[in-house]
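Single-structure report; data block below.
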Amino acid sequence: ATPGPGSRHPRDTSLQVDSVQRWMDDLRHMTEVECMCVLQAKPIGVEEDSQHGELVLTSGVSAGDHVARNNLQTLLRRALVVSTELGKMFQRLEKGRWQRVHSTAVRANCHVRSLVHEYGAARSIPPEMQKYEKSLLEKCMELTNITERCLHTDDEFFLKSMREAIHEILTDVSDSFSNMIDMALANEIQVYSTSTIGTSINNLLSLTQDGPQLCSIIAKEGAVVALFKICRQDRFRELYAHALRTVASICSVEEGINQLDKVDGILCLADILTDESSVEAARAEAAAVVAQITSPHHTSTQHLASFLESMHDIVTALIKLCENASCGEVFLLASAALANITFFDSMACEILLQLNAVHILLQACRDQQRVDTPYSKDQVVTILANLSVLEPCASEVMQEQGVERLLLLLGEKPSSPSPSEGAACERVQQKAAVTLARLSRDPDVAQTAIQLKAVPRLIQLCRSPTERNNSDSVLVACLAALRRLAAGCPSSISVADHQQLIKPRLVDSFLLCSNMEESFV
């Protein structure tokens, strides 16, 4: 995902595995259907002298946390194999390929039985999960039998009725399997999190990298509650940063945010952010949680009601963190949180103006140690764009030579072919143009922009697709800014440019510029 307002630049790289090694790992979990049919899906038993709870699937793996981690990954891979087979069955059923439907049902049945038996042979299974297993195995066998009956008839009426029955059973199998896997994952997570506190936090952080499904289960299992208990005890101060980083990852899903709200997590975040004795790393990770829970991508906003109560303290702490950040990553996290906050409450913008935010942010842009990537510039210009709707903002921008900075941001270009960096540069250009258009309501800002040759730059962005990276959003923003400047000073625009970019309707100018060719030969 591209770091926009409120999203954090990815820092944790997942384990890189050689493709051949990955194939060999996956190969261990694949089975020959014919062999499985002969063996009737019987599990390979554990050695008599082995310790109870040792998972056969992970023989050869070292004990402790690494084994637990490997168990969980094995479960996820086996679940993916079964889910893939079930998905194929749905497709083949719709096409009436009965031979393939039956062979896929046999494979799915074997995979499910293998998974259930091997999982049960290595640990005690909760009673509720045992019910799902029994029901699932019965439905898988029923699915195998009923699809076999369809191989021995050409009666279209019979096959049509069977298709409906098989679809219903297949749906039940998919739902039961999904529920069983959720329970198994929850069971594994509980096992995985029983080591020392520091190791448990690292374990949980590692698990959150495996996708939203695990994040939801981790949240439901009480991880957010436990992590905030740690963050409320002074004796665990050295663990605050790790705990909060894990909270931020869990809060990428709605369930994580709901759990945070239930334990008054926002008050805890405010306490850490405003505590001058907290180390910078802990305050930065607290800012990351704030950025995560205020992200515009979340559909639920119920938790924001409690956020408003602490907003003044949090905004004050965040702008101080931006001012004193020791590196680009800390600045990015703090500014991303502020960018999100300015979107959902105008009071935050008023608070920031009172706190001299324009000066702090524009000064930071001159410091490459703090603002060193397009992602950080994206956050800064987002905040400025939202502040620019307030009338006092224009004079503060003028005092800080902010118009010059906006023109520099209009020229932002990626330093690498990275798509995410290119997208960040587009957002910087677009928001710089939006900010300039809003501020140019003030005649002094408009006059300064014209003197600094903003008009030729805006025209270049409108007419040259490569200058704006072929972005339509940048084009619209530049056209709007150009028209605002032209309204205040018509003489700054040539007749030809006025005829094409100012006089027509905005949509007509947009269509003209979006269809322009680079070469006029």
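The values are calculated or read from the model by the stated rules, or taken from the named source; none is laboratory data. Keep in mind it's a predicted model, so treat the numbers as computed, not measured. Here the Cβ is made from the backbone with ideal geometry for all residues, glycine too, and neighbour counts use every protein chain on show. Ligands, DNA and RNA are stripped out before the accessible areas are found, and what is left, the full protein with its side chains, is counted by its heavy atoms. Shrake-Rupley method; radii C 1.70, N 1.55, O 1.52, S 1.80 Å.
A simple spin-label model places the labels of K95 and E276 7.0 nm from each other, with each point 7 Å out along Cα-to-Cβ. Peptides 469-476, 502-509 ranked from most to least packed by the mean count of surrounding Cβ atoms within 10 Å: 469-476, 502-509. Expressed as a whole percent, the accessible surface of region 375-520 that belongs to carbon and sulfur atoms is 55, based on a 1.4 Å probe.
State the extension gain, in nm to one decimal, for the chain segment bounded by H498 and K262, taking 0.36 nm per residue of separation less the distance between their alpha-carbons. Intermediate values should be presented prior to the final figure.
Numbers: separation 236, 0.36 × 236 = 84.96 nm, distance 5.72 nm.
Length gained, H498 through K262: 79.2 nm.
Could you compute the FRET efficiency for K229 and T171, with r as their C-beta to C-beta distance and R0 at 60 Å, rounded to 0.05?
0.90
In the context of the full set of protein chains, residues of region 232-285 present 44 Å² of accessible surface per residue (probe radius 1.4 Å, heavy atoms only).
Size descriptors for region 375-457: radius of gyration and Dmax over Cα atoms are 12.7, 39 Å.
Where a ≥ b ≥ c are the square roots of the eigenvalues of the C-alpha gyration tensor, would you call region 294-376 rounded, which needs a/c under 1.5, or, failing that, prolate if a/b is larger than b/c, or oblate? Prolate is the answer for region 294-376, as a/c is 1.5 or above and a/b outweighs b/c.
What's the ranking of 82-88, 241-247 by average number of surrounding C-beta atoms within 10 Å, highest first?
Values: 82-88: 17.7, 241-247: 25.9.
In decreasing order of mean packing, 82-88, 241-247 become 241-247, 82-88.
For region 175-283, the set of GluC sites (Glu not before Pro) satisfying both a DSSP loop assignment and a count of at most 12 other C-beta atoms within 10 Å is given as E276. Look at where the Cα atoms of region 401-445 and of region 467-492 average out, and the two centres are 12 Å apart.
In this simple spin-label model, placing a label point 7 Å from the Cα along the Cα-to-Cβ direction at both F157 and S416 gives a separation of 6.7 nm. Highest mean first, the peptides 211-217, 159-165 sorted by other C-beta atoms within 10 Å per residue fall in the order 211-217, 159-165.
Loop-only GluC sites (Glu not before Pro) in region 419-521, please: DSSP not H, G, I, E or B, and at most 16 other Cβ atoms within 10 Å. Don't skip to the end; give the middle numbers.
Details: sites: E421, E426, E467, E517, E518; in loops: E467, E517, E518.
Those satisfying the criteria are E517, E518.
Stretching D345 away from C489 to a fully extended chain increases their span by 48.5 nm, per 0.36 nm per residue minus the current alpha-carbon distance.
Each of H102, A121, T144 was placed along the dipole of region 67-190 (beta-carbon charges, centred on the mean Cα), and the one lying farthest toward the positive end is A121.
Tally up the carbon and sulfur contribution to the accessible surface of region 67-190 as a whole percent, 1.4 Å probe, everything protein left in place.
Numbers: 2870 of 5820 Å².
Solvent-exposed carbon and sulfur of region 67-190 make up 49 percent of the total.
Charged side chains reduced to their Cβ positions (Lys and Arg at +1, Asp and Glu at -1) give region 375-520 a dipole of some 220 debye around its Cα centre.
What residues from region 404-418 fall in the zone where the backbone N is under 13 Å from a label point 7 Å along the Cα-to-C-beta line of N469? 410-418, by backbone N distance to the label point. Rounded to the nearest 10 square angstrom, S277 shows an accessible area of 80 square angstrom against a 1.4 Å probe.
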